[in-house]
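K.L.:
First the structure, which I've put down as structure tokens, then a few questions once you've had a look.
None of the figures in this text is laboratory data; all of them are computed from the coordinates on show. Here the structure is a predicted model, which means the values were calculated and not measured.
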Amino acid sequence: MRPPTPDKQDQRFGREVDVKEQRKIKAREQQRSVWFGLGMFGMVGWAVAIPTVAAVALGVWLDKSYPGPPSWTLTLLVVGVAVGCLNAWFWIKRESKEDG
């Protein structure tokens, strides 16, 4: 009994897979530039800064609306920095998974 011969569609699919594989191998071999590192540094900074500033703004508004012993600005500053750091950590973790 003879094995079935691949038809043209199977051959075309094999070529497409080969082209995509070669493209991925080439992309993995490329070294990232200094600009990529600076861009990532900036993204991490914004990932921390935006939640921090938003939390402080909310804290200032709460302090004006509900004055009292707890300082909402300081409390939400700490919360905003913590959320921003977690955000940056998850973003860096995701980027490092894509490298490997």
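K.L.:
Would you list which lysines come within 28 Å of LYS26, measuring only between C-alpha atoms, while excluding same-chain residues fewer than 8 positions from it?
P.N.:
LYS8, LYS93, LYS97
K.L.:
Could you compute how fast the chain diffuses translationally, taking Rh as the Kirkwood radius over C-alpha pairs and applying Stokes-Einstein at 37 °C with viscosity 0.692 mPa s? Give it in µm² per second.
P.N.:
182
K.L.:
Expressed as an acute angle from 0 to 90° and rounded to the nearest 10, what is the orientation of the C-alpha long axis of helix 8-29 relative to the principal long axis of the chain?
P.N.:
50
K.L.:
Using the alpha-carbon atoms, what tilt in degrees (0 to 90, nearest 10) does helix 72-99 show relative to the longest principal axis of the chain?
P.N.:
Computed tilt is about 10 degrees.
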